[in-house]
Amino acid sequence: MGNITIFAGGFGSGKSETALNYALKLVRSCEQVVLADLDMVNPYFCSRELEKVLSVNRVKLLAPVERLRFGDVPQVPPEIVGYLGMENEMVLDVGGDEVGAQVLGYLRPYMRDRPYKMFLVVNPYRSFARELGAVAELKDALERASRLRFTGIVSNPNLAGDTDVEIIISGHERVREYAQGMNLPVVFLVVENCFYEAVRVRLPDTEVKPLTLYLRPEWL
């Protein structure tokens, strides 16, 4: 069985954008990649909006059925249990609070035979992530609800259209402090494509991944 990579985080952390980009890059080296949209909390700005883009790039999307896709009714994509038993690489995009993470608790028995990585996506400029205590509280709540442990932190410091390199560098340093306080590694830093080269030069010892922004609305 292939790996399961889980992205979770608070609203506006950028977890869905990160999961999308991760899946689209993973397909370059893997025969079958499955992206499961399990965000039961916020039905907007999430992976299910990019079904056509994913299909063209050979990424299988699992999402709520069409008539409930943009509703607030919690629903696990019905095919996911079957795909958990197949040979593939799976990427899970999980909602940002305890209700959203409970779906992982439901799926946990079907994940037993597969290795997993679970990453907490952190944007330190979001109101709920401006101090270690709040981030640690979110981490603990998601772990309790999912009955899984985080294995790393994804750093995503940005202020949308007001982002610049200095904002990224300063925010990433704060995320590193959070990660140290929670005894977790920062597995990589994600930045918008236009900042990638400048940030990579400034942070030569950090794994930096460029992001294509698929989900940001035009008015942001």
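Kindly check whether there is at least one residue in region 164-172 that is touching a Gly at 6+ places or on another chain (Cβ under 9 Å) and part of a helix (DSSP H, G or I). For region 164-172, residues touching a Gly at 6+ places or on another chain (Cβ under 9 Å) and part of a helix (DSSP H, G or I): absent.
Taking the criterion of being farther than 14 Å from Val94 by Cα, of a type outside the set (Asp, Glu) and not in a helix (DSSP H, G or I), the residues of region 123-148 that qualify are Asn123, Pro124, Tyr125, Arg126, Arg130.
Can we say Val154 is open to solvent by less than 60 Å² (accessible area, probe 1.4 Å) and either in a helix (DSSP H, G or I) or under 30 Å from Lys52 (Cβ atoms) (or both)?
Working: open to solvent by less than 60 Å² (accessible area, probe 1.4 Å): yes; either in a helix (DSSP H, G or I) or under 30 Å from Lys52 (Cβ atoms) (or both): yes.
Yes.
For region 3-18, filtered to residues that are assigned to a loop (DSSP other than H, G, I, E, B) and either of a type in the set (Phe, Trp, Tyr) or open to solvent by less than 10 Å² (accessible area, probe 1.4 Å) (or both), the residue that is nearest to Val81 (Cα to Cα) is Gly9. Cβ separations smaller than 9 Å between residues 6+ apart or across chains give the following pairs from region 173-186 residues that are under 14 Å from Leu138 (Cα atoms) and open to solvent by less than 100 Å² (accessible area, probe 1.4 Å) to residues that are of a type in the set (D, E, K, R) and outside any helix (DSSP H, G or I): Tyr178/Glu131.
Output the helices (runs of 4 or more DSSP H) that fall wholly within region 19-120 and possess 2 or more residues being at pLDDT below 90 and open to solvent by less than 40 Å² (accessible area, probe 1.4 Å), or say none.
Numbers: elements: 51-56, 80-84, 98-107.
Qualifying helices (runs of 4 or more DSSP H): 98-107.
The number of residues in region 121-137 being among the basic types (Lys, Arg) and surrounded by 14 or more Cβ atoms within 10 Å (Cβ to Cβ) comes to 1.
Of all residues in region 85-118, those that are over 20 Å from Tyr22 (Cα atoms) and of a type in the set (Phe, Trp, Tyr) total 2.
The values are calculated or read from the model by the stated rules, or taken from the named source; none is laboratory data. Note that the structure is predicted; figures quoted are calculated from it, not measured. Note: ideal-geometry Cβ built from the backbone for every residue, glycine included; neighbour counts use all protein chains shown. Only protein heavy atoms, including side chains, enter the accessible area calculation; ligands, DNA and RNA are left aside. Shrake-Rupley method; radii C 1.70, N 1.55, O 1.52, S 1.80 Å.
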